[in-house]
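All remarks here apply to the structure that follows.
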């Protein structure tokens, strides 16, 4: 079992990990929402982008919960071989435990709407709405 899967289990998160082909497709899809010039979302494909530096986890947590619905599921995309689907409510409850500063960058896509989140390893969050 890889490290990331074991971290999800340690945090008691039930995740469905995509098989290699589906993970590559999900990664390719998610990349269109990532900026090619900086760590963050692409203004070409994402509208109404908001940014927060994580200086306080409680403030960042409230900021995120105001933007990302707890209903449905989210697809968490780390790379072309690490993509999982978890309940949005579980993600909101444990995002601080599954993202590791200085290691992770991830794109999170909500299944019930057009919301997209970018987590940057430099402890920054960006949220916006997919244009496509």
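The values are calculated or read from the model by the stated rules, or taken from the named source; none is laboratory data. In this text, all values refer to a predicted model and were calculated from it rather than measured experimentally. All Cβ positions, glycine included, derive from the backbone under ideal geometry; neighbour counts span all protein chains shown.
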Q | Cβ-Cβ under 6 Å pairs, at least 6 apart or on other chains, segment 4-15 side within 13 Å of residue 91 (Cα to Cα), far side surrounded by fewer than 15 Cβ atoms within 10 Å (Cβ to Cβ) | A | 11/97
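Conditions (1) modelled with pLDDT under 95; (2) assigned to a helix (DSSP H, G or I); (3) surrounded by fewer than 19 Cβ atoms within 10 Å (Cβ to Cβ); (4) over 12 Å from the mean Cα position of the chain (by Cα), marked per residue:
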{"site": "93", "(1), (2), (3), (4)": "no, yes, yes, yes"}
{"site": "96", "(1), (2), (3), (4)": "yes, yes, yes, no"}
{"site": "101", "(1), (2), (3), (4)": "yes, no, yes, yes"}
{"site": "108", "(1), (2), (3), (4)": "no, no, no, no"}
{"site": "113", "(1), (2), (3), (4)": "yes, no, yes, yes"}
{"site": "118", "(1), (2), (3), (4)": "no, no, no, no"}
{"site": "122", "(1), (2), (3), (4)": "yes, no, yes, yes"}
{"site": "127", "(1), (2), (3), (4)": "no, no, no, no"}
{"site": "132", "(1), (2), (3), (4)": "yes, no, yes, yes"}
**Q.** Selection status of residue 74, touching a strand residue (DSSP E or B) at 6+ places or on another chain (Cβ under 6 Å) and either over 19 Å from residue 15 (Cβ atoms) or at pLDDT 95 or above (or both)
**A.** yes
Q) Looking at segment 32-46, which of the residues that are part of a loop (DSSP other than H, G, I, E, B), touching a strand residue (DSSP E or B) at 6+ places or on another chain (Cβ under 8 Å) and in contact (Cβ under 8 Å) with a residue 24 or more places away in the chain is surrounded by the most Cβ atoms within 10 Å (Cβ to Cβ)? A) 33
(Q) Quick check on segment 47-60. Is at least one of its residues in a helix (DSSP H, G or I), surrounded by 12 or more Cβ atoms within 10 Å (Cβ to Cβ) and out of contact with any helix residue (DSSP H, G or I) (no Cβ under 9 Å at 6 or more places or on another chain)? (A) yes
Q. Which ones in segment 1-31 are assigned to a loop (DSSP other than H, G, I, E, B) and over 14 Å from the mean Cα position of the chain (by Cα)?
A. 1, 2, 11, 12, 13, 14, 18, 19
Q: Kindly establish whether residue 75 is farther than 22 Å from residue 42 by Cα and in contact with a helix residue (DSSP H, G or I) (Cβ under 7 Å, 6 or more places away or on another chain).
A: no
